[in-house]
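What follows is a short report on a single structure.
Each reported figure results from applying straightforward, stated rules to the coordinates on display, with no laboratory input. Fair warning: this is a prediction, and the values are worked out from it, not measured in the lab. No Cβ is skipped: glycine too gets one built from the backbone with ideal geometry, and neighbour counts run over all protein chains shown.
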Amino acid sequence: MEIRPLAWDDFEGWAALYFSRYEEIKTNPELGIFVYETPPTMAEEAEIFGKLMKETLTGDARVFVAEDGGRLVGACTVRRLARHLEDRHLGGLGIAVRADRRGQGVGDALLTRTLESCRGVFESVDLQVLAINEPALRLYRKHGFRTIGVHPRGVKRGGRYLEDVLMWRPVDPAPEGSSESSGPGPSP
């Protein structure tokens, strides 16, 4: 498996990875991912992909993919959350791994490489994850993410409410003994 930066010719694999989520959620409604009511068209997905590639070129995103045997099996992004002088140091993380490759170290490798690439670009990274997604929570904690809040009823799926967990970590570890070293807020 190779972890490498996203490239223009990854569009087909990127789209296949994204659209596979819509099929998977039909069989696993508690899957810890977010989707739109209907999948975007291929033209809309191309526009989204183009915007993401532009953000990588301007330095507003770090995007890495996992490729195995010529097939895209995962992707991880950190995108600048805002562009104001005061908050442009914040990045938001998203990750996707094909169902048949979860639990095999793909997400771990993607997170490691993507977070390393954030040094000098972002100062902290946050993410949202469903509270029922225990494997993802374990992975994020392993990589130093701490829970800073829980949004009860943050997600409504199939008439059922799910908790949405907000997690955070600095890009570079805080000095030992600083108030930041233990992370803000509670940790479950």
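Say a site is exposed when it is one of the trypsin sites (Lys or Arg not before Pro), sits in a DSSP loop, and has at most 12 other Cβ atoms within 10 Å; what is then the longest site-free stretch of the chain? Walk me through the numbers on the way to the answer.
Values: sites that count: 83, 119.
Result for the longest clean stretch: 1-82.
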Review point. Under a GNM of the chain (C-alpha, springs under 10 Å), which listed residue has the highest mean-square fluctuation: 19, 122, 145?
Key: 19
Revision key, fill the gap. Restricted to the chain, the DSSP antiparallel beta bridge percent, nearest 5, is 90 percent
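Semi-axes of the equivalent ellipsoid of the chain: what are they in whole Å, largest first, if each equals the square root of 5 times a C-alpha gyration tensor eigenvalue? Let's see the in-between values first.
Numbers: eigenvalues 127, 93, 54 Å².
Over the Cα atoms of the chain, the ellipsoid semi-axes are 25, 22, 16 Å.
Once you keep just the Cα pairs under 8 angstrom separated by 6 or more residues, what percentage relative contact order results for the chain? Don't skip to the answer; put the middle values down first.
Working: 299 pairs, mean separation 33.6, N = 188.
Here the relative contact order equals 18 percent.
Is there a quick way to get the dipole size of the stretch 2-123? I mean about its Cα centre, with the Cβ of Lys and Arg at +1 and of Asp and Glu at -1; what is the value in debye to the nearest 20? Could you put the intermediate results ahead of the total?
Values: 16 positive and 21 negative charges, 58 e Å.
Dipole of the stretch 2-123, to the nearest 20 debye: 280 debye.
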Exercise for review: With springs connecting C-alpha atoms under 10 Å apart, model the chain as a Gaussian network and identify which of 93, 85, 31 has the largest mean-square fluctuation.
Suggested key: 85
